[in-house]
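A.B. asks: What follows is a structure written as structure tokens; I'll ask about it next.
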């Protein structure tokens, strides 16, 4: 059972629904619906709607899964754990392996969680660059050209802006939509172009960039701490 620390279930039978898929012995992994919180970017809400529909897929035809909200058959996990050497998309790498072994992947819309993000645009760029590097490791023959970058930026921006217009928040979200889609596909393109060494240094750069909480020094307080009996 896997759920991200910044997710929470919507319904009390969330876990029951997620595990029900394993009644079919061919199922290797199940994953559930995701929706965003008020702090998520508008474009990320559209991503959730696209990739996590309201209709179940007990045996989907492609290997996509998302381990923010998923369950994996234990015997298969013990046989083939996640690849911790890649920079991301370890869930996709695992489900691709499972599909190659002849197993099924189940999408369960009733197993719904809220996935909270409060990312800056720099963090969004970092995430998509990291995932693109991982995608090249998983699928070396895949590519993402400048033409792909521009085409996807235009296509997804128009789609998001159309949805924002339907929700009467076009001007409120206009700049944010364009910025999100720009850093998303710029990061993806840069990740596909990366040809350097993939090692622990790169992992630290992605997961603990300069300015992250691990690098921050707390300010000293202008008040002395309590001195308890026995302390020097």
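A.B. asks: What is the one condition in (1) in contact with a strand residue (DSSP E or B) (Cβ under 6 Å, 6 or more places away or on another chain); (2) in contact (Cβ under 8 Å) with a residue 12 or more places away in the chain that residue 45 does not satisfy?
C.D. replies: With (1) in contact with a strand residue (DSSP E or B) (Cβ under 6 Å, 6 or more places away or on another chain); (2) in contact (Cβ under 8 Å) with a residue 12 or more places away in the chain applied to residue 45, the lone miss is (2).
A.B. asks: Would you be able to tell me the number of residues in region 105-132 that are closer than 23 Å to residue 25 by Cβ, surrounded by fewer than 19 Cβ atoms within 10 Å (Cβ to Cβ) and in contact with a strand residue (DSSP E or B) (Cβ under 6 Å, 6 or more places away or on another chain)?
C.D. replies: Initially, region 105-132 is screened for residues closer than 23 Å to residue 25 by Cβ, giving 105-111.
If we keep only those that are surrounded by fewer than 19 Cβ atoms within 10 Å (Cβ to Cβ) too, we end up with 109-110.
Still in the running and in contact with a strand residue (DSSP E or B) (Cβ under 6 Å, 6 or more places away or on another chain): 109.
Residues flagged as closer than 23 Å to residue 25 by Cβ, surrounded by fewer than 19 Cβ atoms within 10 Å (Cβ to Cβ) and in contact with a strand residue (DSSP E or B) (Cβ under 6 Å, 6 or more places away or on another chain) within region 105-132 amount to 1.
A.B. asks: So residue 86 clears everything in (1) closer than 24 Å to residue 136 by Cβ; (2) assigned to a strand (DSSP E or B) except one condition, right? Which one?
C.D. replies: (2)
A.B. asks: Residue 60 is checked against (1) modelled with pLDDT of 95 or more; (2) surrounded by 15 or more Cβ atoms within 10 Å (Cβ to Cβ) and fails just one. What number does that condition carry?
C.D. replies: Answer for residue 60: the failing condition is (1).
A.B. asks: Scan (1) in a helix (DSSP H, G or I); (2) touching a strand residue (DSSP E or B) at 6+ places or on another chain (Cβ under 7 Å); (3) closer than 30 Å to residue 177 by Cβ for the single condition residue 50 breaks and write down its number.
C.D. replies: All conditions are met except number (2).
A.B. asks: Just to be sure, is residue 141 assigned to a helix (DSSP H, G or I) and out of contact with any strand residue (DSSP E or B) (no Cβ under 9 Å at 6 or more places or on another chain)?
C.D. replies: Working: assigned to a helix (DSSP H, G or I): no; out of contact with any strand residue (DSSP E or B) (no Cβ under 9 Å at 6 or more places or on another chain): yes.
It is false that residue 141 is assigned to a helix (DSSP H, G or I) and out of contact with any strand residue (DSSP E or B) (no Cβ under 9 Å at 6 or more places or on another chain).
A.B. asks: Can you spot a residue in region 73-85 that is buried (at least 21 other Cβ atoms within 10 Å of the Cβ) and either assigned by TED's automatic domain parsing to the domain that holds residue 187 or within 20 Å of the chain's Cα centre (by Cα) (or both)?
C.D. replies: Here is the first cut: in region 73-85, the residues buried (at least 21 other Cβ atoms within 10 Å of the Cβ) are none.
Among the residues of region 73-85, not one is buried (at least 21 other Cβ atoms within 10 Å of the Cβ) and either assigned by TED's automatic domain parsing to the domain that holds residue 187 or within 20 Å of the chain's Cα centre (by Cα) (or both), which makes the answer no.
A.B. asks: A further question follows. Would you say residue 61 is over 13 Å from the mean Cα position of the chain (by Cα) and assigned by TED's automatic domain parsing to the domain that holds residue 106? Don't jump to the end; show me each part of the working.
C.D. replies: Values: over 13 Å from the mean Cα position of the chain (by Cα): yes; assigned by TED's automatic domain parsing to the domain that holds residue 106: yes.
Spelling it out, residue 61 is indeed over 13 Å from the mean Cα position of the chain (by Cα) and assigned by TED's automatic domain parsing to the domain that holds residue 106.
A.B. asks: Could you check region 99-125 and list, in sequence order, the residues that are over 28 Å from residue 10 (Cα atoms) and in a helix (DSSP H, G or I)?
C.D. replies: 99, 100, 122, 125
The values are calculated or read from the model by the stated rules, or taken from the named source; none is laboratory data. This structure is a prediction, so every number in the text was calculated from the model and none was measured. So basically every Cβ, Gly included, is an ideal-geometry build from the backbone, and we count neighbours across all protein chains shown.
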